[in-house]
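Undergrad: Below is the structure I would like to discuss, written out as structure tokens.
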Amino acid sequence: MNLNERYIVKIIDEDNIGNGIAKIDNKIIFIKNALLNEEIEIEIIKNNKNYMKGKIINIISKSNKRVNPVCKYYNKCGGCNFLHTTFENEIKIKTNYLEKLFNRKVGYLNINNELNYRNKVVLHIIKGKLGYFNDKTHELCIINHCNLLNPKINLKIDELSKMNLKNINEIMIRCINDKIMINIIGNISNFSIDCDSLYINNNYINGEKYLIDEINNYKFSIYPESFYQINREGMTNIYDKAKSYIGTSNSLLDLYCGTGTIGIWMSNNFNKIVGMEINESSIKNANINKKINNINNIEFICDDAKNIKEKFDSIIVDPPRNGLSKDVIDYLNNSGSNKIVYISCNPNTLKRDIDLLNKYELIDLSYTNMFPRTKHCESIAVLERR
Ligand SMILES: C[S@@+](CC[C@H](N)C(=O)[O-])C[C@H]1O[C@@H](n2cnc3c(N)ncnc32)[C@H](O)[C@@H]1O
């Protein structure tokens, strides 16, 4: 089998990043955007020792789960992976992947909005043109619209793409509660655009210092540099599930707490809650959130999670994609806590960490399609002490 050779293959499986899988002479070949059971003429574009990659030349028999992508940038900007199939099939593929990875049944927390769900975007600017970086080629894909974004963000992108963006490297736009926050990063000291909150190089310029989301009767403040979940429906799913998994007890640790949203969400279930988070801006918001929600049983600490020592009845961890460090795994194994709820945006590091948490047993696992049409999803696991 050589590069550029063409074959007719039948797709026998699908992976979790939008590839169909076939075999040629028993060697696996991944074909971007191919779907289960399709018969396809492909061309070999990569031939490694253990696997090959192919591209679709002609679909001979089409899956009834195939749809026309709703985006002209699909496969160019690198953001979406499942626009070539139905939303239902994307969920089926993600569920299958998780069930195979964890070798167990995985609950699904429903998401209605497959598009326009993102409340934040970071755009890159090269030579005055604005767009997304393709995560594989690192090339700029110039855009003036993205179907995943809140429509108000798209209006701002369209406006910005007609402006002079000289000396600007990056623009962050957030839309919370219909208000727009913009943070311009670059070699500039002033910029004028109509919005509710303007920052330049993370320095406040005008408008509101932070935006406030209102959800489930709670108020959550957000500075430009703070972490905030990008999909409101997914956030509610995960927080409600975390609340039901964690139950009630005396004390809770919310490790990697961001702006303190999870602790505030379940503040009635505990006498004492401690949130720990490394990012100063998020901790500033967490303390504002405590105040504006009149919550007195939470304390927020700005520190690296690896420095946590105190013991708690229950623990929630919600680390970034790379998962838990060895120090945190050791802390959790020796914590004596009855329950750990692990929220994760990366199933592979979740699996690795659950295997390392050998003093705990996985009791239940669910996920929500927090990032529809992309390869990502958000899982939530509850573990009990053995
Ligand atoms: C996925 S977010 C979760 C935030 C929060 N639980 C929420 O739902 O909004 C992960 C958070 O971990 C923080 N973080 C990353 N590395 C950390 C570390 N070593 N120690 C503590 N926090 C860290 C990030 O700043 C980010 O706010």
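Undergrad: Can you give me the P(r) profile for region 5-102? Cα pairs, bins 10 angstrom wide beginning at 0, each as a whole percent.
TA: Pair shares across the bins are 16, 48, 32, 3.
Undergrad: What value in Å³ per residue do you get for the convex hull of the alpha-carbon atoms in region 120-214? Mind showing how you got there, number by number?
TA: Working: hull volume 9.4 nm³, N = 95.
Looking at region 120-214, the number lands at 99 Å³ per residue.
Undergrad: If R₀ is 35 angstrom, what is the calculated FRET efficiency for the pair Leu3 and His145, using the beta carbon separation as r and rounding to 0.05?
TA: Details: r = 36 Å, r/R0 = 1.02.
Calculated value: 0.45.
Undergrad: For Lys23 and Leu115 in the same chain, what is the full-extension length gain: residue separation times 0.36 nm, less their Cα-Cα distance, in nm? Show your work: numbers first, answer last.
TA: On the way: separation 92, 0.36 × 92 = 33.12 nm, distance 3.37 nm.
Gain on extension, Lys23 to Leu115, equals 29.7 nm.
Undergrad: Another question, then. Shape verdict for region 233-372, please, from the Cα gyration tensor: rounded (a/c under 1.5), prolate (a/b greater than b/c) or oblate.
TA: On the way: a/c = 1.39, a/b = 1.24, b/c = 1.11.
Here region 233-372 falls in the rounded category.
Undergrad: In square nanometres, what is the average projected area of the Cα convex hull of region 311-386?
TA: Numbers: hull surface 18.5 nm².
About 4.6 nm², averaged over all directions.
Undergrad: Provide the FRET efficiency to the nearest 0.05 for the Lys359-His138 pair, computing r from the beta carbons and using R0 = 45 Å.
TA: Numbers: r = 42 Å, r/R0 = 0.92.
Step by step, r from the Cβ atoms, then E = 0.60.
Undergrad: For the pair Ser249/Ile278, report the inter-label distance in nm, with labels modelled 7 Å from Cα in the Cβ direction.
TA: 2.6
Undergrad: Still on this structure: Expected output is a single nm value to one decimal: the length gained when fully extending between Lys306 and Arg385, i.e. 0.36 nm times separation in residues minus the C-alpha distance. What is it? Before the final figure, lay out each step's value.
TA: Numbers: separation 79, 0.36 × 79 = 28.44 nm, distance 2.05 nm.
Taking 0.36 nm per residue and subtracting the Cα distance, the gain is 26.4 nm.
Undergrad: May I pose another question? Among Ile24, Ile262, Ile283, whose mean-square fluctuation peaks in a Gaussian network model of the chain (Cα, cutoff 10 Å)?
TA: Its mean-square fluctuation being the largest, the pick is Ile24.
Undergrad: Let me ask something else. Given Lys55/Lys92; Lys76/Lys284; Lys53/Lys92; Lys94/Lys209; Lys72/Lys162; Lys32/Lys359, which pairs have Cα atoms separated by over 30 Å? Write down the numbers at each step before the final one.
TA: Numbers: Lys55/Lys92 23 Å; Lys76/Lys284 38 Å; Lys53/Lys92 23 Å; Lys94/Lys209 38 Å; Lys72/Lys162 19 Å; Lys32/Lys359 40 Å.
Exceeds cut-off: Lys76/Lys284; Lys94/Lys209; Lys32/Lys359.
Undergrad: What is the fewest-to-most order of His124, His138 by other Cβ atoms lying within 10 Å of their Cβ?
TA: Values: His124 17, His138 9.
Least crowded to most crowded, the residues run His138, His124.
Undergrad: Same structure, new question: Among DSSP beta bridges lying fully in the chain, give the percent that are antiparallel, nearest 5.
TA: Working: 64 of 94 bridges.
Given both bridge residues lie in the chain, the antiparallel proportion sits at roughly 70 percent.
Undergrad: So how far apart, in nm, are the two label points at Asp327 and Ile193 if each is 7 Å from Cα heading toward Cβ?
TA: It is 3.7 nm.
Undergrad: Provide the per-residue ³J(HN,Hα) series for region 368-378, in order, calculated from phi with Karplus coefficients 6.51, -1.76, 1.60 and θ = phi - 60°, each as a whole number of Hz, with x at glycine and proline positions.
TA: 10, 7, 4, 10, x, 6, 9, 7, 8, 7, 10
Undergrad: Given a cut-off of 31 Å, name the pairs among Lys166/Lys291; Lys23/Lys351; Lys179/Lys306 whose C-alpha atoms lie farther apart than that in the structure shown.
TA: Beyond 31 Å between Cα atoms: Lys166/Lys291; Lys179/Lys306.
Undergrad: What net charge do the residues around Ile283 carry, taking every other residue with its C-beta under 10 Å from that of Ile283, with Lys and Arg at +1 and Asp and Glu at -1?
TA: On the way: positive: Lys284; negative: Glu277, Glu280, Asp303.
Result for the neighbourhood of Ile283: -2.
Undergrad: Where in region 12-26 does the amide nitrogen come within less than 13 Å of the point 7 Å from the Cα of Asn47, taken along Cα to Cβ?
TA: Backbone N within reach: 24-25.
Undergrad: Taking only DSSP H segments of four or more residues, each worth -39500 (n - 2.57), what value at 222 nm results for the chain once the sum is divided by all its residues, to the nearest 500 deg cm²/dmol?
TA: Working: 7 runs with 78 residues, N = 386.
Only helices count here, giving -6000 deg cm²/dmol.
Undergrad: Taking only C-alpha pairs under 8 Å that are 6+ residues apart, what is the relative contact order of region 32-92 in percent?
TA: Details: 75 pairs, mean separation 17.8, N = 61.
That works out to 29 percent.
Undergrad: Considering the chain, which cysteines have no disulfide-compatible partner, defined as another cysteine with its Cβ under 4.7 Å away?
TA: By the Cβ distance rule, which asks for a partner under 4.7 Å, the isolated cysteines are Cys71, Cys80, Cys146, Cys175, Cys195, Cys257, Cys302, Cys345, Cys377.
Undergrad: Now, a different point. How large is log10 of I(q)/I(0) for the chain at q = 0.06, 0.12, 0.13, 0.14 Å⁻¹ when the intensity is taken from the Debye formula with one equal scatterer per alpha-carbon?
TA: -0.27, -1.03, -1.16, -1.27
Undergrad: Next up: Return the sequence-ordered ³J(HN,Hα) values of region 47-58 in whole Hz as given by the Karplus equation 6.51 cos²θ - 1.76 cosθ + 1.60 applied to θ = phi - 60°, using x for Gly and Pro.
TA: With the stated coefficients, region 47-58 comes to 9, 8, 4, 9, 8, 10, 10, x, 10, 6, 9, 7 Hz.
Undergrad: Once you have a ≥ b ≥ c as the square roots of the Cα gyration tensor eigenvalues for region 185-232, tell me rounded if a/c is under 1.5, and otherwise prolate or oblate according to whether a/b is larger than b/c. Provide the component values of the computation, followed by the final result.
TA: Numbers: a/c = 2.90, a/b = 2.12, b/c = 1.37.
Here region 185-232 falls in the prolate category.
Every number in this text was worked out from the coordinates using simple rules, so none of it is lab data. None of these values were measured; they are calculated from a predicted model. Using ideal geometry, Cβ is built from the backbone for each residue, glycine included, and neighbour counts are taken over all protein chains shown.
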